[in-house]
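Notes for the one structure printed next.
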Amino acid sequence: MGHTEQRFLVTGGAGFIGSHLVRFLLSQGQVRVLDDLSTGTLDNLREVLSEVEFIRGSVADPTTVREAVAGCTVVFHLAAQVSVPLSMEQPVATFEVNVYGTQLLLEAARQVGCQRFVFASSAAVYGDSPRLPKRETMRPAPISPYGWSKHYGELLCRDYYRVFGVPTVALRFFNVYGARQNPRSQYAAVVPRWITAALTDRKPIIYGDGKQVRDFIYIDDLIQGIWLSATHPAAVGRVFNLASGARYTLLELLRAIEHAIGYPLQPEYQPPRAGDIRRSYADIRAIQQALGFQPRFTLAEGIRRTVEAYQKEAAAA
């Protein structure tokens with residue numbers, strides 16, 4: 001990339017992942033955020049808000065999207081309806097944001113000649129096929145409208161690259177965790193829910209036996225992977241898993257949280273939830289070999305930092 005000032009667009013930049021990406025990108029160039037604040041919050045950007053250009057609006061609105069993409073060199077498309085249960089209740093709204101919104105952004109990126117378009121996809125495209133680890137070459141088999149919407153987003157990226165030459169990259173995020181992940185949403189991920197329960201003397205809830213296997217990736221490692229995909233020439237036109245490549249059971253996660261807070265937790269066991277995938281972890285050799293991605297954080301270290309951030313947040317509240 002040349003020495004001209006980069007201008008980055010982050011859709012969903014007021015969300016958990018987006019707000020971390022925005023902070024990182026401010027050291028690399030100018031940052032514009034597009035977010036409708038349906039799940040994100042300006043609080044996530046509070047100390048950097050004056051440094052970014054913020055547009056409140058939906059990725060499913062053509063006029064807003066054209067305005068947001070204008071003059072940008074790189075688009076990071078993170079905005080989405082990300083809840084699987086909500087996608088079951090509202091499949092049409094999910095497709096409108098996740099598929100139509102991606103289409104509008106790709107078209108706008110094509111019109112302005114963006115240098116790179118990075119799409120946040122998801123491990124949900126794999127569905128619950130028993131084959132492990134998950135490899136990019138596997139046939140997608142989503143089992144929710146959310147998973148399907150991400151799969152279609154990837155196909156749009158592929159076609160905009162093949163047909164129009166838009167330099168796209170799709171990243172299948174696995175279980176991301178870190179500071180500022182919202183524990184209050186009913187669809188919140190397990191890490192913020194359990195840490196918050198632990199810090200407020202409530203019992204962490206385990207659905208099923210806790211032996212479900214996941215690939216947890218710490219937010220700083222995820223940002224490293226996103227940046228490599230935006231800058232490395234070998235990323236263009238590809239789909240990559242973005243994960244830690246390590247596998248942990250939920251019980252091991254619980255132990256890491258106990259270790260970080262310094263006392264044992266008494267979890268409450270509840271019946272397994274419908275649609276929950278039993279085992280999911282990634283093969284990350286493709287992104288390691290193509291882009292030189294290397295996760296730096298163990299689960300223990302990532303959880304320690306995350307717990308510290310939540311404790312700080314609680315003390316400040």
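The values are calculated or read from the model by the stated rules, or taken from the named source; none is laboratory data. Model, not experiment: these values are computed from the prediction. We place every Cβ from the backbone using ideal geometry, glycine too, and count neighbours over all the protein chains shown.
If I filter the range 254-262 for residues that are at pLDDT 95 or above, farther than 15 Å from K134 by Cβ and touching a Lys or Arg at 6+ places or on another chain (Cβ under 6 Å), do I get at least one hit? Within the range 254-262, one or more residues are at pLDDT 95 or above, farther than 15 Å from K134 by Cβ and touching a Lys or Arg at 6+ places or on another chain (Cβ under 6 Å).
Here V33, V48, V22, V10 are screened, and the one residue that is more than 23 Å from I217 (Cα to Cα), surrounded by 14 or more Cβ atoms within 10 Å (Cβ to Cβ) and under 18 Å from the mean Cα position of the chain (by Cα) is V33. Those strands (runs of 3 or more DSSP E) of the range 1-87 in which 1 or more residues are among the basic types (K, R) and touching a residue at least 24 places away in the same chain (Cβ under 8 Å) occupy 7-11, 30-35. In the range 160-168, the condition of being crowded, with 20+ Cβ neighbours inside 10 Å and in a strand (DSSP E or B) is met by at least one residue. Screening the range 133-159 for residues that are among the polar types (S, T, N, Q) and under 21 Å from Q81 (Cα atoms) and picking the one that is surrounded by the fewest Cβ atoms within 10 Å (Cβ to Cβ) gives S144.
Filtering G292, G237 for residues that are surrounded by 14 or more Cβ atoms within 10 Å (Cβ to Cβ), modelled with pLDDT of 95 or more and among the small types (G, A, S) leaves a single hit, G237. Among the criteria (1) in the same structural domain as R304 (by TED's automatic domain parsing); (2) in contact with a strand residue (DSSP E or B) (Cβ under 6 Å, 6 or more places away or on another chain), the one D201 does not fulfil is (2). The residue list Q103, Q81, Q90 contains one member that is farther than 20 Å from R184 by Cβ and either crowded, with 17+ Cβ neighbours inside 10 Å or not charged (D, E, K, R) (or both), which is Q103. Across the range 218-225, a minimum of one residue is classified as closer than 14 Å to G178 by Cβ, touching a helix residue (DSSP H, G or I) at 6+ places or on another chain (Cβ under 8 Å) and of a type in the set (V, I, T). Can you spot a residue in the range 128-145 that is in contact (Cβ under 8 Å) with a residue 40 or more places away in the chain, of a type outside the set (S, T, Y) and under 24 Å from L34 (Cα atoms)? Checked against the condition, which is being in contact (Cβ under 8 Å) with a residue 40 or more places away in the chain, of a type outside the set (S, T, Y) and under 24 Å from L34 (Cα atoms), the range 128-145 yields at least one hit.
Filtering the range 117-132 to residues that are out of contact with any Cys (no Cβ under 6 Å at 6 or more places or on another chain) and surrounded by 22 or more Cβ atoms within 10 Å (Cβ to Cβ) leaves F117, V118, A120, S121, S122, A123, A124, V125, Y126. Can L104 be described as part of a helix (DSSP H, G or I), touching a residue at least 12 places away in the same chain (Cβ under 8 Å) and out of contact with any Pro (no Cβ under 8 Å at 6 or more places or on another chain)? No.
At negative phi, outside any helix (DSSP H, G or I) and among the small types (G, A, S): is that true of A124 in this structure? Considered against the rule, which asks whether it is at negative phi, outside any helix (DSSP H, G or I) and among the small types (G, A, S), A124 comes out as no. One residue alone among A274, A282, A286 is surrounded by fewer than 13 Cβ atoms within 10 Å (Cβ to Cβ) and either over 19 Å from R202 (Cβ atoms) or in contact with a Leu (Cβ under 7 Å, 6 or more places away or on another chain) (or both), and that residue is A274.
Matching residues to (1) among the polar types (S, T, N, Q); (2) modelled with pLDDT under 95; (3) out of contact with any Cys (no Cβ under 9 Å at 6 or more places or on another chain); (4) on the phi > 0 side of the Ramachandran plot:
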residue: G2; (1), (2), (3), (4): no, yes, yes, no
residue: G12; (1), (2), (3), (4): no, no, yes, yes
residue: I17; (1), (2), (3), (4): no, no, yes, no
residue: V33; (1), (2), (3), (4): no, no, yes, no
residue: V59; (1), (2), (3), (4): no, no, yes, no
residue: P62; (1), (2), (3), (4): no, no, yes, no
residue: E67; (1), (2), (3), (4): no, no, yes, no
